[in-house]
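The values are calculated or read from the model by the stated rules, or taken from the named source; none is laboratory data. Not measured: the values here are computed from a predicted model. All Cβ positions, even for glycine, are placed from backbone atoms using ideal geometry, and neighbour counts span all protein chains on display.
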Amino acid sequence: MDAASPLAHLLGFTALLREMGFAVAPEQTMAWLAAIDLLGPQEIGDIRRAARATLAPPPERLAEFDGLFARYFLGTGGTVPESERSDESALQSADDLGLRPEPIFGDDTHESGAQATGAERLSARRFARGTEDDTLHHFARALPARVPRRRGYRWRAGRGGPDTDARRMFRDAMRNAGEFIRLRYRKRDLRQRRIVVLIDVSGSMKERTQAHLAFAHALVHAAGAVEIFTFGTRLTRISRALRLRNAQQALMRTSLLVADWDGGTRIGEALTAFLAIPRFSALARGAVLVVLSDGLERGDPRAMGEAVARLSRIAWRTVWLTPLAADPGFAPRTAGLLAAQPFLDRIGDGGSLASICGHLLDLARDKAA
Amino acid sequence: MVVRRTLVGIGSPQELENALRAAYYLADRDLSTAAYLALALGKPLLLEGAPGVGKTEAAKAIAGVLGRTLLRLQCYEGIDASAALYEWNFPRQMLALRQQGPDSQPIDIYRDEFLIERPMLACLRRPEETMLLIDEIDRSDHEFEAFLLEFLSDFQISIPERGAIRAYERPVVILTSNRTRELHEALRRRCVYHWIEYPAPEREMRIIMMRASGVGERAARAVVAAVGRLRREPLVKHPGIAEAVEWAEAATLLNQQGERWPEAFRRSLGVVLKDEDDLVHITPKIDAILAEAGA
């Protein structure tokens, strides 16, 4: 065994991590080696703790990280949770760290409607090329100008208006021997409101799912701050997967990520789960919340009403778009939607991409608050 | 890479862990290792975790152990250089200029006395006696994060009127984040990273006993069990460690005033759950939770 081989062995681990989709920068590798040297190391635990601290695996993937570590260095415990792997194609990039289904809520059986629901069909879907490309293309072009905005907290120089910019005036005055010559103004920048879209991927929405995901992909690329989730029997965050520019690849990636295609729906539970994860509910604060779902709740309709009520208090606008509303004589009739109705700013037609896009473009007419 | 093997006599994670315990902070091995490595390698320490797991407390305890002044920079959207770095004292400059007579010496209005130090500049100028805490970095916007990146990579800032100011030794910097959004990858990789979990029941109990002196072991055990249960409920705000300590204290106080045990916990529920929706959700279940916790 030559002297270089322990080093090579350590470097082999960082190479393995990169291969598994962890982002490991050279400076992190160097820090790790320095850390091992610092710690002694007296036991393998020192090396592992040093690796965790310096290579900084995202918390969602800690278990996977530890599994890889054990398998590589100890040759044991080699059960890397496969479900946590996102994809192994060459598309993998540093962008989609920590891609994996978000926490599952509840168990499969549910008292009411147990016979109809609960079938989590763990299936990867195939996507055909969409036919509504034109609509989406126009939507993407029109959105940047019409996306809802709010006033940010960052100040910028402005032309006029009520807010004077004392700092700039003083600075100017310094250049003029302490004389104030003209008033300067400042204004607060406008920022895009985040758009959070929750897409129902249950069996009853089967026909629409593909179009909705194509819409979500267009939205992610047309506006800056967008978060997309799917829900059926579980809640999955797919924003990162959709960030791939090529729609076909992005949808493929998404299809692998979402594990509950065409299963049952537990809307109330899905929304409650969304609210219960502080990281997610923080995304909805002051945002435009769009739910694409028919509102056919298999669980407790009251839970759904409550969840929507809570969401509506966090979000700036809460919009429910259902394909059932394509019928001109539509009025919410399902128990779930009736419970949610008082808290929704808008219940609209989600039957076609054109109408969904129309609703989104319309939102900006509500003035920035 | 400059490595300082020991800092104020702390030469290993174990020693740091002991020192932190003496400062009333119970760190686990992972945290003390990460903190020790950050100090030794001269890198910033990034602590992430749910609200209320003790990130800021950890930073305060580390500052105490190092015997340094803690400079805390609370982040918010729109935070800018004049709040984080420095600002000129314009009114003073103005007065100095006005006072100047026609024959007096020209005055340099960019002297130190006209400079208002903000935390980041203060930390650069006195790196051996201060520690910088950049709190809740996830609340700031991308502009500030990019600005911070520059600061954290070479610990240098430039003031146009004065030129670059550089720390003569690497300052100790701790960043915390609630992870309401992902931080930029470039920022993460410059730091030593630690994800703080809610403590294991045994450790949380020791924290409660240490922080709240009047609390009995039985009450502490019950609080830990009940809080652990509450953290699995779908709540808007899960109780953190501080809430657990307060609950134990509040219930003990009520108990001392003659309230019976499970009732004392129930009546002081307001210090743990501070959201109307959460209270509505938990109230029907609270009896079962308390019974299960052995309150």
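Restricting attention to segment B:163-178, the residues that are within 14 Å of chain A (Cβ to nearest Cβ), touching a strand residue (DSSP E or B) at 6+ places or on another chain (Cβ under 8 Å), of a type outside the set (A, V, I, L, M, F, W, C) and farther than 30 Å from B:Ala250 by Cα add up to 0. Scanning segment B:268-295 for residues that are surrounded by fewer than 16 Cβ atoms within 10 Å (Cβ to Cβ) and among the β-branched types (Val, Ile, Thr) turns up B:Val280, B:Thr283.
For (1) free of Cβ contacts under 8 Å to residues at least 40 places away in the same chain; (2) farther than 30 Å from A:Arg266 by Cβ; (3) of a type in the set (A, V, I, L, M, F, W, C), each residue gets a yes or a no:
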| position | (1), (2), (3) |
| --- | --- |
| A:Tyr153 | yes, yes, no |
| A:Ala157 | yes, yes, yes |
| A:Arg167 | yes, yes, no |
| A:Gly178 | yes, yes, no |
| A:Leu183 | yes, yes, yes |
| A:Leu190 | no, yes, yes |
| A:Ala211 | no, no, yes |
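Listed by position, the strands (runs of 3 or more DSSP E) enclosed by segment B:119-196 that each have at least 1 residues that are at pLDDT 95 or above and either surrounded by 17 or more Cβ atoms within 10 Å (Cβ to Cβ) or not charged (D, E, K, R) (or both) are B:130-135, B:172-177, B:192-196. Examine segment B:247-267 for a residue that is outside the structural domain of B:Ala59 (by TED's automatic domain parsing), touching a Pro at 6+ places or on another chain (Cβ under 9 Å) and surrounded by 14 or more Cβ atoms within 10 Å (Cβ to Cβ), and state whether such a residue exists. Yes: one or more hits. Scanning segment A:330-354 for residues that are surrounded by 17 or more Cβ atoms within 10 Å (Cβ to Cβ), of a type in the set (Gly, Ala, Ser) and either modelled with pLDDT under 80 or not in a loop (DSSP other than H, G, I, E, B) (or both) gives A:Gly336, A:Ala339, A:Ala340, A:Gly348. Checking every residue in segment B:79-93 against the condition of being in contact (Cβ under 8 Å) with a residue 60 or more places away in the chain, out of contact with any Lys or Arg (no Cβ under 7 Å at 6 or more places or on another chain) and more than 8 Å from chain A (Cβ to nearest Cβ) gives at least one match. Residue pairs whose Cβ atoms lie under 8 Å apart, separated by 6 or more positions or on different chains, with the first residue in segment B:16-38 and more than 12 Å from every other protein chain (Cβ to nearest Cβ) and the second among the small types (Gly, Ala, Ser) and surrounded by fewer than 21 Cβ atoms within 10 Å (Cβ to Cβ), are B:Ala23/B:Gly64. Number of residues in segment A:304-329 that are surrounded by fewer than 18 Cβ atoms within 10 Å (Cβ to Cβ) and either small (Gly, Ala, Ser) or under 11 Å from A:Ile356 (Cα atoms) (or both) equals 3. Within segment B:184-204, residues that are facing chain A (nearest Cβ under 8 Å) have Cβ atoms under 8 Å from residues that are among the charged types (D, E, K, R) and not in a loop (DSSP other than H, G, I, E, B) in these pairs: B:Arg189/A:Glu27; B:Arg190/A:Glu27; B:Tyr193/A:Arg52; B:Tyr193/B:Glu48; B:His194/A:Arg52; B:His194/B:Asp30; B:His194/B:Glu48; B:Trp195/B:Glu48, counting only partners at least 6 apart in sequence or on another chain.
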